[in-house]
Amino acid sequence: MKRIEMHEMAKSHRNMSDKLRRFSLQRGADLFGVADLRPAREFIATWCPSWVQRFPLAVSIGMRLNDEILDTHSPDEPKRDSLLWHHVYNVVTRYLDFLAYDVSRQLTAWGFRACPVPCSTPYDYDKLAGVFSHKLAAHLSGLGWIGKNCLLVTKEFGPRVRFASVLTNAPLTADEPVDRSCGKCRACVEACPVKAFLGVEFNPVEDRAARFEAFKCSEFRTDHPCGLCVSVCPSGKKKVHRVQ
């Protein structure tokens, strides 16, 4: 293929990505990225259903959580203060599911295959795992890194974000992953009521169990809506501006 033809094709792909970004942000997304899933194909094959592997790319869309509600969170009274957070969690989850469906409809209208992945619906209850990892897509699309709290930590909002994904074969321009870490910070590890976090940095070749005891967290949240791992993280905390 001639160099000028390759240049025009890349430009077309960028234009499509830009259009989809504007489409998503206008409908309420706070973050948007495109992940190339091909480098993670072997990892995806180990736990995702086979049909997921047919899609080379994933669109990652994120929506921030409400700072005022998160900032009411107290490690001393997690049940009382987490009720509002739990409400926002559910509202944002539903909104993201609708948004992901809108994105998939737009991609389909352009003539491509697209499948919205449910924002928070377990696929494998024995492993407490979904059909596809939204954190993986968000990480590969450059929106943040996976922290010691096993959440996607973004530059703009820390872990105060929820994500949804749309799998697609559209020729979008993929973004570059972010290479960062939590360093010496252990705020989430120390705040967890059931000590579900082991304080280990993310390693793509290690199983989640090396960092996070998911069933401890899940069993606690059955009776105690939580989210302290989100609210105590120093990343994304805003300075308070008080009216005099």
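Just one of PHE215, PHE220 is farther than 25 Å from ALA100 by Cα, of a type in the set (A, V, I, L, M, F, W, C) and surrounded by 15 or more Cβ atoms within 10 Å (Cβ to Cβ); which is it? Just a single option satisfies the conditions, and that option is PHE220. When the stretch 96-113 is limited to residues that are surrounded by 14 or more Cβ atoms within 10 Å (Cβ to Cβ) and aliphatic (A, V, I, L, M), the one that is farthest from ASN169 (Cα to Cα) turns out to be LEU96.
Conditions tested, residue by residue: (1) touching a strand residue (DSSP E or B) at 6+ places or on another chain (Cβ under 8 Å); (2) farther than 23 Å from PHE23 by Cα; (3) at pLDDT below 90.
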| residue | (1), (2), (3) |
| --- | --- |
| CYS115 | yes, no, no |
| LEU128 | yes, yes, yes |
| ALA138 | yes, no, no |
| GLY144 | yes, no, no |
| ASN149 | yes, yes, no |
| ARG160 | yes, no, no |
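Only strands (runs of 3 or more DSSP E) whose full extent lies in the stretch 92-204 are considered here, and the ones with at least 3 residues that are within 13 Å of the chain's Cα centre (by Cα) and closer than 22 Å to PRO234 by Cα are 144-146, 152-154, 161-168. Pull up the stretch 205-239, narrow it to residues that are assigned to a helix (DSSP H, G or I) and of a type outside the set (A, V, I, L, M, F, W, C), then point me to the one that is nearest to LEU140 (Cα to Cα). So the residue we want is ARG208.
Checked against (1) more than 26 Å from VAL59 (Cβ to Cβ); (2) loosely packed, with under 14 Cβ neighbours inside 10 Å, PRO225 passes all but a single condition, namely (2). Filtering the stretch 67-79 to residues that are surrounded by 13 or more Cβ atoms within 10 Å (Cβ to Cβ) and either out of contact with any helix residue (DSSP H, G or I) (no Cβ under 9 Å at 6 or more places or on another chain) or modelled with pLDDT of 90 or more (or both) leaves only ASP67. Remark: SER165 falls outside the filter, which requires a residue to be buried (at least 20 other Cβ atoms within 10 Å of the Cβ) and more than 26 Å from GLN53 (Cα to Cα).
The values are calculated or read from the model by the stated rules, or taken from the named source; none is laboratory data. From a predicted model like this one, the values you see are computed outputs, not experimental measurements. Glycine also receives a Cβ, built like all others from the backbone with ideal geometry; neighbour counts cover every protein chain displayed.
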